[in-house]
Structures are given as structure tokens and as C-alpha cells.
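Note sheet for the following structure.
What follows draws every value from the coordinates through simple rules; no lab data is involved. The structure presented is a predicted model; accordingly, all values stated were derived computationally and were not measured. Here Cβ is always computed from backbone atoms with ideal geometry, including for glycine, and neighbour counts include all displayed protein chains.
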Amino acid sequence: MDFGYFLRRLDQGCHVDPGKEAVVFREERVSYRELRNRSYRLANALSRLGVNKGDRVGVLLRNCSEWFDIFFAAAGLGAVMVPVNFLLKSREVEFLVGDSGMKVLFVGEDLLPLVDPGAEATPELAHVICIGREKPSPPVLSYGDLINKEKADPPDAQPPQTDDLFLLQYTSGTTGFPKGAMHTQGTILWNSFHQIGDFTITEEERYLCIPGLCWAAGFHDFTLGTLWMGGTVVVMPSGGLDIGSLLSILQEEKITKVLLVPAILKQVVDYPDLKKFDLSSLEFVASGAAPVPVTVIEQFNELLPGTTLLQGYGLSEGPTIAICLKKRDAIRKIGSVGKPTTNCEALVVDESLNRVPPGTKGEIVLRSPATMKGYWNRSEATEEVFAEGWMRTGDMAEYDAEGYIYVTGRKKDMYISGGLNVYPAEIENVILKDAGVAETAVIGIPDPKWGEVGCAIIVPKEGTEIAVAEIEARCREELATYKVPRKFIVRPEPLPRTASGKVKKYELRET
């Protein structure tokens, strides 16, 4: 099976109502029939431009309904999608275009300044297609002109095979240049299909997609699963997320599921008018990208007792939800990310890939049919991350006696103080218990005596003064001495984060 079938099934007869809303974005309400027709027109337009199976098609857009047309048009042609983060600078965009060997790049009108169609570094880029501007300056083509000339007929192309490359999902790039995780039609199918069962996705689903569709969490956490079942995906505009507006959409669109990264989840539970909104339709809130502080989980359970908070763990390399905490365990195993999903094996191991005993920290390794095939043009990086069929994640965790996994931090975030390993996430959870702390990050800094010691960077809530002495006292009370940060820095600016919501600790170390 391939993703082209997603559209073909509407012609062949299936349970999905063609007139039902598939995608809602702002004032647009796109039915499944309209999505099929739009995607077919675009596929035929791309075919006329010479896009064939295996050609890379880049997408540099903020969230919009056209994202879905491009996704399914590329799928039907057997082309390879290359999402480009709209937060990148022009030099970074040029790198991705050149590294992937894009033939076509879709770009939003507001993002056109980031693209140079004739750059020497991107010789394979044949066409730049602008969305939002009716008459772009040559050689840039108009998206509207292209699709308006085409018929809404299935493209004349052989359906792709399960093992055909379909997606280059570039990692956030917390160190060095980004790497393109290679996903096939099959790995993405495995990634979306398991969610239907693991998270009880039905045709009645109304999922609110907040992450950028250019990020792995955008399409690949609940969005595709919802569309497979004939539900509705409501898409939030990119940038400037206002918590009041978010809560209004949850209420008005009767959203059933939503994914909130921990930083946004904390803002929701801290929102003073939260109880004024009717969120009775909301079955669960999923969270990931970083450990959710225990204090936030406790607030959530108190404020939204009718909604389940589920924690998940995954990565761009796949599966995007590899481990999850089921509803029945959400309170009993508070703070855990759970156990592996139905499409994934996950272990916590030592350096020799031996499973560690309960209570011992190790690295998470994964094995799944939804895992990437490797990194694009990065054979050495691919060899480094795969070992004996397992994919090393670089994330540290430990089991409890029942096999539930607790993430303790990134392997690269770990620092060694006096010969002892220190995991920042444990310290950060203690600091976040202070009511005045909005967010925090702990990093290791050089120390002449101990090699490294902890430095805690703290961002206060607006209008709040931080009592560093009290936070330090709590750390000394709840943590072993060697784990207590030796330095505390209070900064007014938010912590720098990657597109997927992870704190850029390497930036903090440079300041």
C-alpha cells in the first residue's frame, strides 16, 4: 500500500464520506472530495513540470491547507517530500535545498526572500512555486496558475511501492548541520496506522494540529491517522500562539485530541481563565518533545479531571510516538512516558546494548518498521546510529520494577561532576516546583575542581521575582549534593528552542 491510495480509495468506494470536512484552516473548510481534486490537479501540474518518481519536492510554508495538497500529490507521483522549517535563515534554507537535491520548491509569499532560485549552491532546483502571490516575478511560478490549468483526474503515474523513499525529515540540528532522516511510504504508513489503535482514532475524531506541518509532529502525530479514518484535522496558524485563542478553538471546534509540547502545556494550566472554557469534548491531551514536569501533570489532573494527559516519546527518525503512557496508567505512573507502542520495540541499555536493570540509567534504543532507513547522504552518521538492528536515540532513561520508562535527559545533556553522572531533567523538575518559575534549563559548565558543575538558567513568570536562595535550598533538600547547581542565572528572555520544542542547550552554553 502507498499514500496515493489515500485519494484513490475515494474513487473506488470506501467508508469515508467525500463531503465531510477533512481539513479546517482559518475560514477554509476543505472536504475530502475537494482535497482529492486539489491534490490531483497539483499532481498533474507537477508531472507536466517533469517531476518523476524519486524527485525531491521541497515545501517552505507556514501552516496552511495547501500543505495537504502537496503531501498527497507528491505521494501519488512517488516523489520525495522535503519539509523545510520556516524558522530557518536563508543560508540554512540554501543548505537543505542543496543537500537534498530538490527539483521543486513550494514557498509561501512571505518566505520568498529566503530563496534564491538561481543560487550556485542549488543547481538541481528547477522550479520555485509561490503560494499566496498571484503574479510572482520570473522565474518563480504561481501556484494558482499551475493548478487552475489542470483537470482533477488521477495522475498518469505508476503507484509507488512500499519501500520507495517518500520523505526526508531533516532533524532539528541541535549540533552541526541538519541530517535528512529517510522515510519510505512504508515507514510512514506504519507510523500512522499504529496510532489508530493505540490512541483509539475514529471517524468522529476532530484533531487540533498545532505543530508546524514542516515538523515531524505536524503530519505524523495523529494528523495522518485522523485522515485515514475519515475524521477532521483542524490546523492552527503558525507562530504567535495565544493561549486564549487556543482554548477558544478547542471549545468552538469541539476538539477531541490535541498535542501540546510541555512549554505550551504549562501555559495552559497556568492560564487564569481556563475554567471559563467548555472543554468537555476533549478526550486527551498528548505531550512530548521533553519530559513533562511532575508539577504540571498534577496541575492538569486537578484542573481538567475529565481529560486524560498522555505522555509520549518519539523522534523524527521514527516512530514519532515510540513510547506512550496509556490512559489507565496516566495517574498511577505519573512522570513516566510509558511503554512501547504496538509498532515499536524499545529498550534501555548500556554501552554494550545490554538491557539495564530497573532503577539504572541507560540509553533508549528502538527497533520498528516505522524507523528511518538512514540519513540522506550520511553513511557514517547512519552507521553510528544503528547497532545490531537497533537505533540509538541518544536519550537517557530508566525502568521501574514494572518496566515503565522514565526519561531522564539527553545523553549529550548529561555532564560529569567529580566522576558522577548528572542528568539535568531531574534537577529541572525540582526547580519547576517553584511557583514563580516559567521555565528552566540546567547545563554543565567547566569547574577546575570537579571538572563540571551544574548551572541553572531560570526564566521567571511575568511580573514575578525569583528567590534564588529558596530554589537552591529546595534543591539541597531534594537532591544529592553533587547534583545541586553551583550557579543560578535568572534571565528575562525565553529559553531558545528548536522547532520541535527542545531547549537549545548548546546555545546556553555559548552565552
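At a glance:
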{"read-out": "At R0 = 35 Å, FRET efficiency that the Cβ-Cβ distance of Glu134 and Cys14 yields, to 0.05", "value": "0.45"}
{"read-out": "Burial ordering of Glu120, Glu27, fewest other beta-carbon atoms within 10 Å first", "value": "Glu27, Glu120"}
{"read-out": "HN-Hα J in Hz across region 442-458 - Karplus 6.51, -1.76, 1.60, θ = phi - 60°, x for Gly and Pro", "value": "10, 10, x, 10, x, 9, x, 8, 9, x, 9, 9, x, 10, 9, 9, 10"}
{"read-out": "Phi to ³J(HN,Hα) by Karplus 6.51 cos²θ - 1.76 cosθ + 1.60 over region 156-168, Hz, x for Gly, Pro", "value": "7, 8, 5, x, x, 9, 4, 8, 6, 4, 10, 8, 10"}
{"read-out": "HN-Hα J in Hz across region 131-147 - Karplus 6.51, -1.76, 1.60, θ = phi - 60°, x for Gly and Pro", "value": "9, x, 10, 5, 10, x, 6, x, x, 6, 9, 8, 4, x, 4, 5, 7"}
{"read-out": "Distance (nanometres) between label positions extended 7 Å along Cα→Cβ at Ala152 and Glu478", "value": "5.6 nm"}
{"read-out": "Ala22 long-range amide H proximity, modeled H, under 5 Å", "value": "Val30, Ser31, Tyr32"}
{"read-out": "Surface/4 of the Cα convex hull for region 5-160, nm²", "value": "9.1 nm²"}
{"read-out": "Compactness relative to 2.2 N^0.38 Å, alpha carbon Rg of region 1-69", "value": "1.20"}
{"read-out": "Viscosity 1.002 mPa s, temperature 20 °C, Stokes-Einstein D of region 101-168 from Kirkwood C-alpha radius, µm²/s", "value": "153 µm²/s"}
{"read-out": "Debye equation applied to the C-alpha atoms of region 187-410, log10 I(q)/I(0) at 0.10, 0.16, 0.18 Å⁻¹", "value": "-0.45, -1.12, -1.36"}
{"read-out": "Computed [θ] at 222 nm, helices only, for the chain once each DSSP H run of length n ≥ 4 contributes -39500 (n - 2.57)", "value": "-8000 deg cm²/dmol"}
{"read-out": "Region 366-511: C-alpha pair distances exceeding 20 Å, %", "value": "57 percent"}
{"read-out": "Added length on full extension, which subtracts the Cα-Cα distance from 0.36 nm per residue, Arg332 to Ala126", "value": "68.6 nm"}
{"read-out": "Residues Met372, Met229 arranged by fewest to most Cβ contacts within 10 Å", "value": "Met229, Met372"}
{"read-out": "Amide H partners (placed H, <5 Å) of Leu310, local residues excluded", "value": "Val285, Ala286, Ser287"}
{"read-out": "Too-long pairs where the Cα-Cα distance tops 32 Å, listed order kept, from Lys89/Lys433; Lys339/Lys461; Lys103/Lys411; Lys149/Lys373; Lys53/Lys151", "value": "Lys89/Lys433; Lys339/Lys461; Lys103/Lys411; Lys149/Lys373"}
{"read-out": "For Lys504, distant residues with modelled amide H under 5 Å away", "value": "Arg497, Thr498"}
{"read-out": "Evaluated over region 162-229, the Cα radius of gyration and Dmax, each in Å", "value": "13.3, 43"}
{"read-out": "Rounded if a/c under 1.5, otherwise prolate or oblate - region 73-130, Cα gyration tensor axes", "value": "prolate"}
{"read-out": "Compactness of region 357-417 as Cα Rg over 2.2 N^0.38 Å, two decimals", "value": "1.29"}
{"read-out": "Spherically averaged projected area of the chain from its Cα convex hull (nm²)", "value": "24.1 nm²"}
{"read-out": "Glu253-Thr200 FRET efficiency (beta carbon distance; Förster radius 30 Å; 0.05 resolution)", "value": "0.95"}
{"read-out": "Cα Rg, Dmax, region 131-175, angstrom units", "value": "16.8, 45"}
{"read-out": "Loop trypsin sites (Lys or Arg not before Pro), region 76-179 (other Cβ atoms within 10 Å of the site Cβ: 14 or fewer; DSSP)", "value": "Lys89, Lys149, Lys151"}
